[in-house]
1. Of 152, 67, 76, which has the largest mean-square fluctuation in a 10 Å C-alpha GNM of the chain?
2. Treat each spin label as a single point 7 Å out from the Cα along the C-beta direction, and report the residue 39 to residue 162 distance in nm.
3. Which value, in debye to the nearest 20, describes the size of the charge dipole of segment 89-224 about its Cα centre when Lys and Arg Cβ atoms bear +1, Asp and Glu Cβ atoms bear -1, and nothing else is charged?
4. Name all residues of segment 2-44 having a backbone nitrogen under 20 Å from the label point set 7 Å from the Cα of residue 59 along its Cα→Cβ direction, giving them as ranges.
5. Beyond 21 Å between alpha-carbons counts as too far, so tell me which of 35/64; 35/131; 8/131; 104/190; 116/190; 104/155 fall in that bin.
6. Can you sort 100, 73 so the residue with the fewest Cβ neighbours within 10 Å comes first?
7. Apply the Karplus curve 6.51 cos²θ - 1.76 cosθ + 1.60, θ = phi - 60°, to the phi angles in segment 208-224 and return the couplings in whole Hz, x for Gly and Pro.
8. State to the nearest 20 debye the size of the charge dipole of segment 116-157 about its Cα centre, where the only charges are +1 on K and R beta carbons and -1 on D and E beta carbons.
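Read-outs: derived from the displayed coordinates by stated rules, not from any lab. None of these values were measured; they are calculated from a predicted model. Here Cβ is always computed from backbone atoms with ideal geometry, including for glycine, and neighbour counts include all displayed protein chains.
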Amino acid sequence: MEIGQRLKGIRQRIDQAACRSGRSPREITLVAVSKMADDREVRLAYELGVRDFGENRVQELVRKMRILPEARWHMIGRLQTNKVKDLVGRAYLIHSLDRWSLAKEIDYRAGQVGIKVPVLVQVNVSEEASKTGLALEEVRDFLMAIEDLPSIQVKGLMTMAALHSDAQASRPVFRKLAELRSTLLEDSFKNVQLDYLSMGMSQDFEVAIEEGANIVRIGSALFT
Ligand SMILES: *Cc1c(COP(=O)(O)O)cnc(C)c1O
């Protein structure tokens with residue numbers, strides 16, 4: 001199957017899941033995760049209408065961004081503090097803010113160039129040792145601390161579910177993150193607007209949308 005056909009199938013499934021959750025498909029952003037894709041495939045996806053791309057390594061993100069600067073490039077992987085300076089002002093959205101030292105570095109670098117950097121806070125809902133991210137119960141205090149970092153703009157929350165053959169197994173994880181967002185929305189925090197829930201990958205994006213995701217990160221279903 002060609003990328004065009006796969007993209008069409010994915011978009012249909014996104015549309016149907018959005019409708020099932022009572023939302024418009026236009027509210028859902030597809031981030032095409034291109035870490036397994038070559039440059040030709042990335043360009044082809046862009047020509048087919050994909051505007052948002054995700055990479056989990058800074059070096060590869062910066063390289064592909066040079067090839068396709070007109071797209072929006074999302075950083076979705078674990079971010080080393082010493083790579084922050086390469087991303088600030090370039091990445092459209094950093095999905096993987098998972099620790100305080102990283103928040104401070106992003107704020108510092110953003111402040112130096114006089115911009116605000118949009119980020120998502122990564123939450124390790126399932127509390128798997130292999131995954132990074134804050135525990136659910138740590139997020140509120142983290143957002144309160146962010147109030148002192150004027151060059152960071154928290155735009156939402158992100159999580160990764162465990163790899164399962166059964167997509168339904170991810171549902172409780174997605175539901176918990178959506179519930180946390182709703183609870184946090186009852187208060188307001190400076191520098192924080194919880195507009196986005198980035199959750200769902202190739203194996204479970206429909207379940208994620210049913211549970212409230214408005215950003216899905218899809219790699220292998222599109223590019224293999
Ligand atoms: C690779 C990756 C994805 C995409 O995974 P697929 O299963 O290929 O769709 C999504 N999010 C993150 C953080 C990733 O590293």
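1. Residue with maximal mean-square fluctuation among 152, 67, 76: 67.
2. Result for the modelled spin labels: 4.1 nm.
3. Magnitude of the dipole: close to 500 debye.
4. Within reach of a label on residue 59: 34-40.
5. 8/131
6. Result, fewest neighbours first: 100, 73.
7. Along segment 208-224, the couplings run 4, 5, 4, 8, x, 4, 10, 10, 10, 10, 10, x, 4, 5, 9, 9, 10 Hz.
8. Details: 4 positive and 7 negative charges, 57 e Å.
The dipole magnitude comes to about 280 debye.
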